[in-house]
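Contents: one structure, followed by commentary.
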Amino acid sequence: SQQGEEDPQALSIQEGENATMNCSYKTSINNLQWYRQNSGRGLVHLILIRSNEREKHSGRLRVTLDTSKKSSSLLITASRAADTASYFCATAPTGGFKTIFGAGTRLFVKA
Amino acid sequence: DGGITQSPKYLFRKEGQNVTLSCEQNLNHDAMYWYRQDPGQGLRLIYYSQIVNDFQKGDIAEGYSVSREKKESFPLTVTSAQKNPTAFYLCASSTQGFTGNTIYFGEGSWLTVV
């Protein structure tokens, strides 16, 4: 199984609601990143959280990291139809080299 | 504007043909990568290069080849040995190879076997 696994695989919400996506990983990490991918496009970096950080904010995004549980969550507040996309977590294992991407969460925001 | 340019956006390959996907970056990044993405799936690493004239196999390198003759360019050739090449291909770069650095992606190329 993959280092980073997102949950849920798919999420459908109404515009204005909050969307929460989770990422679990297996080994200790240096940092964890979240990326967004619109359908048929490249990935865009959203936010990076280091292993010694617990929470980070960027606009409507809030990322938490719990290294004891080896998990992270991405919260999008007051979602918009334009937030419809796939969201991927990517981990940088400690002592490793490669950045490892999860399979992603597909978010659909209904207007 | 700085970024990564992939071309073509759509490419069709006949059985037995080799095709080359172009990737150019003007971000002055040392490291470049090629990923494959199948519908509804995550990213799988094909090849990566940390510096000019050097590249390494990723997790699914069989049936693919690359070159890195210039810092800005990292073309990917999908050879006839790749039996199931239909997929979305993403080129990416970072300031240094992996180590948790932010990775910047191109807009992708769709390859379809006809």
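The values are calculated or read from the model by the stated rules, or taken from the named source; none is laboratory data. Model, not experiment: these values are computed from the prediction. As a convention, Cβ positions derive from the backbone with ideal geometry for all residues, glycine included, and neighbour counts pool all protein chains shown. The area values use the complete protein model at the heavy-atom level, side chains included, leaving out ligands, DNA and RNA. Shrake-Rupley method; radii C 1.70, N 1.55, O 1.52, S 1.80 Å.
Things to note:
- Segment A:67-94 residues that are among the basic types (K, R), paired with ones that are outside any loop (DSSP other than H, G, I, E, B) and open to solvent by less than 10 Å² (accessible area, probe 1.4 Å) (beta carbon under 7 Å, 6 or more apart): A:R80/A:V109
- Pair list, Cβ < 6 Å and 6+ apart or interchain, from segment B:94-106 residues that are without any contact (Cβ under 8 Å) to a residue 40 or more places away in the chain and within 7 Å of chain A (Cβ to nearest Cβ) to residues that are open to solvent by 10 Å² or more (accessible area, probe 1.4 Å) and among the aromatic types (F, W, Y): none
- Residue satisfying condition, being of a type in the set (S, T, Y), touching a strand residue (DSSP E or B) at 6+ places or on another chain (Cβ under 8 Å) and at pLDDT below 95, within set B:S94, B:S22, B:S80: B:S94
- Residue list for segment B:70-102, filter: open to solvent by 10 Å² or more (accessible area, probe 1.4 Å) and not in a loop (DSSP other than H, G, I, E, B): B:K70, B:S73, B:T77
- Check on B:E24, in a strand (DSSP E or B) and acidic (D, E): yes
- Within segment B:39-69, the residues that satisfy the criterion of being surrounded by fewer than 17 Cβ atoms within 10 Å (Cβ to Cβ), in a loop (DSSP other than H, G, I, E, B) and within 12 Å of another protein chain (Cβ to nearest Cβ) are B:P39, B:G40, B:Q41, B:D59.
- Identification of strands (runs of 3 or more DSSP E) wholly contained in segment A:11-52 with 3 or more residues that are touching a residue at least 40 places away in the same chain (Cβ under 8 Å) and either open to solvent by 40 Å² or more (accessible area, probe 1.4 Å) or farther than 19 Å from A:R106 by Cβ (or both) yields A:19-24, A:29-37.
Okay, residues lined up against (1) farther than 14 Å from A:L46 by Cβ; (2) open to solvent by less than 10 Å² (accessible area, probe 1.4 Å):
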position	(1), (2)
A:D66	yes, no
A:S71	yes, no
A:T77	no, no
A:C89	no, yes
A:F97	yes, no
A:I100	yes, no
A:T105	no, yes
A:F108	yes, no
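- Index of the failed condition, A:E6 passing every other in (1) farther than 22 Å from B:A92 by Cα; (2) in contact with a Cys (Cβ under 7 Å, 6 or more places away or on another chain); (3) of a type in the set (D, E, K, R): (1)
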